[in-house]
Amino acid sequence: MTGGTADAPRTSRRRILAGVTATLLTPTITTCGLISGPPPHQFTLTPVTDFPRGLPRVNWSLVVDEPTAARQIDTSRIALMSGPFRVEYYADVEWTDSAPAMVQLLLIQSFQNTGRLPVVAPTRQTLATDFLLLSNLRKFQVENDASGEPQATVVLEATLLRMPRRTPVATARFEKATPVGSKSTETVTTAFDTSLDDVMRRVVDWTLQQGRMAAAAR
């Protein structure tokens, strides 16, 4: 199952933590050893604050696990795919946390922003829960589309489990690619914010709908 039609690109909602102006991002191949020079500028993205009408209100609790991810994106560095096999990273900039940890936190905040669940928490809180949301972050990178134009691509595969027996409820794939019009930090981070916002909005809606049907069928 795939998420619905992508929303139109939204206005910039990124937070630039380092107070950086729109400087050029230069991709660099990652290397082993110490990294010299000034510390990188750090960026974070934003949770979803607006949702479709008719989002159901539920009375069950949800725990959101940190997404699994391949090693090349399980990092705080901003990945750039230079062809199908070569991974590079933008120099002097990074996320405030690893991509999976950042996505987990933003998903939890997005669920909380709905006001539709009594409890939503990360797995590290080890609380008893009704449903568990697992996911795999398949893509979180800049890559070229079929015409060679760069785009910020986010792909998240989600699985909802009914607890405590971890019974599978549903699985779906959500993806969004947003064109990156230039190499400026503002353009790149805004494109990521747009892609992740679209994916998380659909994940939240899908989770509430699937959980509501599973709870009603018990």
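Close amide-amide hydrogen proximity is noted between Met163 and Phe131, Leu132, each under 5 Å apart and 5 or more residues distant or on a separate chain (H modeled in the peptide plane; Pro and chain starts excluded). Each Lys and Arg adds +1 at its Cβ and each Asp and Glu adds -1 at its Cβ; summed about the Cα centre, the stretch 119-218 shows a dipole of about 700 debye. What chymotrypsin sites (Phe, Trp or Tyr not before Pro) in the stretch 79-114 are in a loop by DSSP, with at most 14 other Cβ atoms within 10 Å of the Cβ? Filter output for the stretch 79-114: Phe85.
First select every other residue whose beta carbon is under 14 angstrom from the beta carbon of Arg77; then total the charges, Lys and Arg +1, Asp and Glu -1. That sum, taken over residues with Cβ under 14 Å, equals -4. When both bridge partners sit in the stretch 56-216, DSSP labels roughly 70% of those beta bridges antiparallel.
Residue-wise HN-Hα couplings along the stretch 74-88, as the Karplus relation 6.51 cos²θ - 1.76 cosθ + 1.60 with θ = phi - 60° gives them from phi, are 7, 7, 8, 7, 8, 7, 10, 8, 9, x, x, 10, 9, 10, 10 Hz; Gly and Pro carry x.
With 0.36 nm allotted per residue and the present C-alpha distance subtracted, the Thr167-Lys183 stretch has 1.3 nm of extension available. Residues in the stretch 172-179 carry Karplus couplings, in order, of 8, 10, 10, 8, 7, 10, 10, x Hz; the curve used is 6.51 cos²θ - 1.76 cosθ + 1.60 with θ = phi - 60°, and Gly or Pro positions show x.
For the stretch 56-216, the residue among Ala128, Trp95, Ser182 whose Cα projects farthest onto the positive side of the dipole built from Cβ charges is Ala128. Taking amide H atoms as placed 1.01 Å from N in the peptide plane, the amide H of His41 lies under 5 Å from those of Val93, Glu94, each 5 or more residues away in sequence or on another chain.
Averaging Cα coordinates gives a centre for the stretch 89-119 and one for the stretch 158-218; these two points are 12 Å apart.
Read the figures in this text as sums done on the coordinates, not as results from a lab. Since we're looking at a predicted model, the values are computed, not measured. Every residue, glycine as well, gets a Cβ built from its backbone with ideal geometry; the counts of neighbours run over all protein chains shown.
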